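Below is one structure, written out as C-alpha cells, with a few remarks after it.
The values are calculated or read from the model by the stated rules, or taken from the named source; none is laboratory data. All values reported here derive from a predicted model rather than from experimental measurement. Cβ sites come from the backbone with ideal geometry, for glycine too, and all protein chains shown count toward neighbours.
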Amino acid sequence: MGIIMKIYSDDPNVPYKSTEINFMHTKSQIDGLLAEWGVRDSMWHWAPEDADIFIEFKFTEVIEGITVSPVIRVYALLIWDHKKRGKDTEAVNWNISLRLMFWFIKTHMEVAYLTQSSKTAAFLPYIKANEEGEQLHKVVIRNLERIQGMPALPEFPVLERGGS
C-alpha cells in the first residue's frame, strides 16, 4: 500500500492540538454518540501500549426495502508527539487521536442524516470485509484493476419487497 507517514502533533494541519479532553473521556463520548445514532452493538479493541485502538459497531437499517447490518471498523488515527528530552521513544498523543476518531464518526453519522442517505453508504469504505477485519476500501483498492475490467452486471429481475 505504500509507506505510512507519521503525523505529529506539531503539524499545522492537525486539528484538536489544544484539546484538554482526556482520551478516556472521549472514549465514553464515542460510546454515547453511537447510542444517540441508534447503534446497539459496539466493541472496542483497546491496546494503546501497542498503538492499536479501534472500534467496531453494527447498526441495522433498511435500504430500498432490504435490511442490512454491516459491521463498521474505525481505527484511531495515530497522531504522534516528538521525542522529548530524556525519552527513548515517540508516543502517540491519545487525546488528539481519540478526538479525531470522535469527530470522524460524528461527521459521518451527521452527513448520512443530512443528505438523507444511509449510514451504510456513509461508512462504506470502513465496512469490515472479512474475518481478518480488513476494511472494504483496502479490498477494493487491492482489486481495483480487476473490478474495473469486469463487464457490467446483467439485468436481474426485481425481487418482491417484503416477501421471501
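Things to note:
- Restricting region 64-74 to residues that are part of a loop (DSSP other than H, G, I, E, B) and at pLDDT 95 or above, the residue that is nearest to His108 (Cα to Cα): Pro70
- Asp52 charged (D, E, K, R), in contact with a Ser or Thr (Cβ under 9 Å, 6 or more places away or on another chain) and either surrounded by 14 or more Cβ atoms within 10 Å (Cβ to Cβ) or at pLDDT 95 or above (or both): no
- Residue selected from region 112-157 under the condition at pLDDT 95 or above and of a type in the set (D, E, K, R), by the criterion farthest from Pro70 (Cα to Cα): Lys119
- The listed residues are Thr67, Thr26, Thr19, Thr60, and the only one of them that is among the hydroxyl-bearing types (Ser, Thr, Tyr), more than 18 Å from Trp103 (Cα to Cα) and surrounded by 13 or more Cβ atoms within 10 Å (Cβ to Cβ) turns out to be Thr60.
- Considering only residues in region 117-142 that are of a type in the set (Ser, Thr, Tyr) and within 14 Å of Trp37 (Cβ to Cβ), the one that is surrounded by the fewest Cβ atoms within 10 Å (Cβ to Cβ) turns out to be Ser117.
- Checking each residue in region 29-45 for being surrounded by 13 or more Cβ atoms within 10 Å (Cβ to Cβ), without any contact (Cβ under 8 Å) to a residue 60 or more places away in the chain and more than 20 Å from Gly133 (Cα to Cα) picks out only Asp31.
- Within region 87-112, considering residues that are over 17 Å from the mean Cα position of the chain (by Cα) and not charged (D, E, K, R), the one farthest from Pro15 (Cα to Cα): Thr89
- Test: residue in region 48-63 that is assigned to a strand (DSSP E or B), farther than 17 Å from Leu136 by Cβ and among the polar types (S, T, N, Q): no
- Residue check for Leu77: surrounded by 16 or more Cβ atoms within 10 Å (Cβ to Cβ), in a loop (DSSP other than H, G, I, E, B) and in contact (Cβ under 8 Å) with a residue 60 or more places away in the chain: yes
- Contact annotation: residue pairs with Cβ atoms under 8 Å, 6 or more positions apart or on different chains, pairing a residue in region 87-99 that is modelled with pLDDT of 95 or more with a partner that is surrounded by 14 or more Cβ atoms within 10 Å (Cβ to Cβ) and acidic (Asp, Glu), are Val92/Asp81; Asn93/Asp81.
- Test: residue in region 90-112 that is surrounded by fewer than 18 Cβ atoms within 10 Å (Cβ to Cβ), assigned to a loop (DSSP other than H, G, I, E, B) and not polar (S, T, N, Q): yes
- Candidates in region 7-16 are the residues that are in contact (Cβ under 8 Å) with a residue 12 or more places away in the chain and more than 22 Å from Thr89 (Cβ to Cβ); of these, the one that is surrounded by the most Cβ atoms within 10 Å (Cβ to Cβ) is Tyr16.
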